Amino acid sequence: MLSQTEENYLKAIFKLSETEQKSVPTNAIANHLQTSAASVTDMLKRLTEKGYTLYEKYKGVRLSETGLKTATLLIRRHRLWEVFMVEKLNFSWDEVHPIAEQLEHIKSEELINRLEKFLDFPQFDPHGDPIPDREGNVRYRNHQVLLAELDNNISAVIVGVKEHSPAFLKYVEQLGLTLGTAIQVEEKFEYDGAVRLLINKKIHQIVTNKVIQNLYVAPAKTV
């Protein structure tokens, strides 16, 4: 049995190495969890002894097969609860993360499987992140890129966010840049990296570089 703190470490390692299995430095975990590097090292040694991580001093840490399965199922629970809160309880997308952080530690897989069925098997959460299946498999979008990487005059749709803070989510919602929004880059400004977007084929909006570095898009024909 893992504690909530141990589960949070596994989830942090997964997120920091998501999409590619590579060793994660202890400092990166410390920054992510806002704790000391010494505390991280102690925890990684404990998780390695339990068989959930593969830790080498000065080289970082990777999830073992058991650790990877545990982390993905935690994320599965978290993201399904977020869908439930937004779709069924009318929470906004900037409100659900801290509540899902608590609900994800409920261990009943039967509850989560029934929740998934009740929600009609969603593939993505309200922030566009993929929801792992019952076996812990994660299906990522093949054509997803950051808005900052999109070429001029290419039609695309916003499909996810890289930044999950409530302040960011509220801000982009005020700009009208929520999931499913159709956009097109009209002009890129060399001075500060900002861009002018055409939103839903009718609104022209200048957007900062910080925003476009934190929004994922996919070409319209692939969505």
How big is the dipole moment of segment 47-109 about its Cα centre under a simple scheme where the beta carbon of each Lys and Arg is +1, that of each Asp and Glu is -1, and everything else is neutral? Debye, nearest 20, please. 340
Relative to the first principal axis of the alpha-carbon coordinates of the chain, what is the inclination of helix 37-49, with its axis defined by its Cα atoms, in degrees from 0 to 90 and to the nearest 10? 60
Within segment 1-77, DSSP-loop GluC sites (Glu not before Pro) with at most 13 other C-beta atoms within 10 Å are Glu20
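Using the crude model of +1 on Lys and Arg Cβ and -1 on Asp and Glu Cβ, and no other charge, please compute the dipole size for the chain relative to its Cα centre, in debye to 20.
Using Cβ point charges on Lys, Arg, Asp and Glu, the chain gives about 280 debye.
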Stretched out fully, how many nm does the piece from Lys15 to Ser165 gain, at 0.36 nm a residue minus the Cα gap? 52.5 nm
Farthest towards the positive end of the dipole of segment 145-222, among Gly180, Ala156, Ile212 and with Cβ unit charges of +1 on Lys and Arg and -1 on Asp and Glu, lies the Cα of Gly180
Measuring from centroid to centroid over Cα atoms, what is the spacing of segment 106-147 and segment 4-19 in Å? 17
When we measure straight from the Cα of Lys117, which lysines land under 20 angstrom away, once same-chain ones fewer than 8 places off are left out? Lys88, Lys107
If I fit a long axis through the Cα atoms of helix 65-88 and take the longest principal axis of the Cα atoms of the chain, what angle between them do I get, 0 to 90°, rounded to 10? 50
Need the full-extension length gain, Asp192 to Gln34, defined as separation in residues times 0.36 nm minus the C-alpha distance. One decimal, nm. 53.9 nm
Along the three principal axes, how long is the chain when you take its alpha carbons, biggest first, rounded to the nearest angstrom? 57, 43, 28
Taking the Cα centre of segment 4-63 as origin and charging only Cβ (+1 Lys, Arg; -1 Asp, Glu), how large is the dipole, in debye to the nearest 20? 120
At what distance in nm do the modelled label points of Ser108 and His143 sit from each other, each positioned 7 Å from its Cα along Cα→Cβ? 4.1
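Taken together, the values in this text are just the output of simple stated rules run on the coordinates, not laboratory data. For clarity, every value in this text was computed on a predicted model and none was experimentally measured. Backbone-built Cβ (ideal geometry, glycine too); neighbour counts: all protein chains shown.
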